Amino acid sequence: MKLVIIEPLGVQKETLLALAGQALGDAVEVVYYDTKVTDDETLIARGKDADIIVEANLPLNANVIRGFEKLKLLSVAFTGIDHVAMDACREKNVCVCNCAGYSNCAVADLVFGMLIALYRNLIPCNEVVRREGTKDGLVGFELEGKKFGVIGAGAIGTRVMRIAQAFGCEVYAYSRTVKEIPGVTFVSLEELLSTCDVVSLHVPATPETKGLINEKTLALMKESAVLINTARGPVVDSQALADALKAGKIAGAAVDVFEMEPPVPAGHPLLGAPNLIATPHVAFATKEALEKRAVIVFENVKQWMAGTPVNVMK
């Protein structure tokens, strides 16, 4: 059986292959590609004779999936799978597994890094010091006592709620499924948006969540509120968010994800918006998280080979 790691996974080759060996032994031939390519022809050439393919967030369209002639398992070293042509996988009866959980700590950490940067004007402070300026006009805000709203109550969203509680925030949540989380009040989306000082997004990209944050929902938010998106780009209407920031309808935003994977085009509407912190999809990217997902991705393969697949995506 042949396994192809079709793109780099952010872990040293020696470490990656050692983890593969620990999980799979000699039962699988492992081929590793240490360069990232995006054209269909090269991708198909890399994976056409693979029984198992490991990838991260590299877009795999239907043409590429169909070109993987022997593919039986796609082990995705990522949480979201909206970059994979799932219809083509179902058509070919390919099992798709993700790596849920590997980035819970990393993403939650970045949420609060972004939030504190917004609340304490860290980027303007850095710039003003370098211009020999002072703190004038750069008085910030504290998190204690703020109403913190989390949209999406999965593992990452729940971790964000707990950290927000540690900062002394009142925590509110909106989710399709109401959970019993101590100290967290579940409310409607409208109530959360209209009352919370901070809104942090933690939902997957689905037809139901696409454009969830749009002109209408942004209009519900307080002018003093800030929005954090470390979830998926399509959840937010970027033009509507840019317009809201320019009009002062909300106080600020921090965005790690866009409609496309970086590089983000220079003309993207959010890049011209005030009071916005933008990062190039790095929420998951810590040394610890990347090593965790490498362990999970090969465990997925091991369990599938044993006939007990885990983390299966439908």
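The values are calculated or read from the model by the stated rules, or taken from the named source; none is laboratory data. This structure is a prediction, so every number in the text was calculated from the model and none was measured. Here the Cβ positions follow ideal geometry from the backbone for every residue, glycine too, while neighbour counts run over all protein chains shown. Accessible surface areas use protein heavy atoms only, side chains included; no ligands, DNA or RNA. Shrake-Rupley method; radii C 1.70, N 1.55, O 1.52, S 1.80 Å.
The table below gives the values:
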quantity	calculated
log10 of Debye I(q)/I(0), alpha-carbon scatterers only, for region 1-147 at 0.11 Å⁻¹	-0.59
Two-site FRET efficiency, Ala27 against Ile116, from Cβ-Cβ distance with R₀ of 51 Å, rounded to 0.05	0.60
Expected 222 nm ellipticity per residue - DSSP helices of 4 or more, -39500 (n - 2.57), all of the chain, to 500	-10000 deg cm²/dmol
With Cα atoms, 0 to 90° folded angle of helix 155-166 axis to the chain main axis	30
Magnitude of the charge dipole, region 1-94, Cβ model with Lys/Arg +1 and Asp/Glu -1, debye to 20	160
Nearest 10 degrees, 0 to 90: helix 104-119 Cα axis against the chain principal axis	30
Cubic angstrom per residue, convex hull over Cα atoms of region 164-314	155
The chain: antiparallel DSSP beta bridges as a percent of all, rounded to 5	5
Evaluated at q = 0.11, 0.14 Å⁻¹: base-10 log I(q)/I(0), Debye formula over Cα of the chain	-0.74, -1.08
Student exercise, region 176-270 dipole from Lys, Arg, Asp, Glu Cβ charges, in Debye to nearest 20	40
Mean-position separation - Cα centroids, region 1-61 and region 203-262, in angstrom	34
Heavy-atom SASA rank of Lys146, Lys210, Lys72, Lys246 (probe 1.4 Å, accessible area, largest first)	Lys210, Lys246, Lys72, Lys146
Sites matching GluC sites (Glu not before Pro) across region 150-217 that sit in DSSP coil, with at most 10 neighbouring C-beta atoms within 10 Å	Glu180, Glu208
FRET efficiency estimate (nearest 0.05) - Cβ-Cβ, Glu142 to Lys72, R0 51 angstrom	0.45
Those residues of region 87-128 whose amide nitrogen sits under 15 Å from the label point placed on Thr134, 7 Å along Cα→Cβ	128
Region 37-123: radius of gyration over Cα atoms, expressed as a fraction of 2.2 N^0.38 Å	1.42
Within region 242-266, backbone nitrogen closer than 12 Å to the virtual label 7 Å beyond the Cα of Glu215 toward Cβ	243-244
Lys314-Asp82 pseudo-label distance in nm [points 7 Å out on the Cα-to-Cβ vector]	1.9
Modelled FRET efficiency - R0 22 Å, Glu180 with Thr206, Cβ distances, 0.05 increments	0.35
GluC sites (Glu not before Pro) restricted to DSSP loop in region 37-109 with at most 13 other C-beta within 10 Å	Glu69
